[in-house]
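Take a look at the structure set out below.
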Amino acid sequence: MNVEILFGLNLKKEDMTMGYAPLRCPRCGEITLWKKSDSSYKGFSVGKAIVGSSIFGPLGASAGALGKKKSRYRCGKCGYSEEYDG
């Protein structure tokens with residue numbers, strides 16, 4: 001039985017990403033073995049620093065140091081690994 005029909009996953013590649021991790025491995029298409037393997041906060045966000053400093057003054061500029069959350073996903077079938085937002 002076709003898993004895509006069973007779960008209603010009739011998606012195109014452009015529908016799967018939207019800036020976040022796709023629902024399946026981009027290389028082999030595996031769904032069940034495509035898992036989050038690591039999460040971390042990285043980078044300095046200029047946008048957060050500007051908003052923070054405009055609202056809270058110089059102390060608010062430190063809000064930019066909060067960074068962005070990045071998650072690494074890995075496919076257990078083909079070994080493909082990629083980092084995504086969120």
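Values for this structure:
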| quantity | calculated |
| --- | --- |
| Tabulated pairs, the stretch 19-36, first in contact (Cβ under 8 Å) with a residue 40 or more places away in the chain and part of a loop (DSSP other than H, G, I, E, B), second buried (at least 18 other Cβ atoms within 10 Å of the Cβ) and of a type in the set (Phe, Trp, Tyr), C-beta under 6 angstrom, 6+ apart or interchain | 21/73; 25/34 |
| Residues satisfying the stated conditions in the stretch 47-82, i.e. at pLDDT 75 or above and surrounded by fewer than 14 Cβ atoms within 10 Å (Cβ to Cβ) | 47, 54, 55, 56, 57, 58, 59, 69, 76, 79, 81 |
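The values are calculated or read from the model by the stated rules, or taken from the named source; none is laboratory data. Just so we're clear, the structure is a prediction, and the values are computed from it rather than from any experiment. We place every Cβ from the backbone using ideal geometry, glycine too, and count neighbours over all the protein chains shown.
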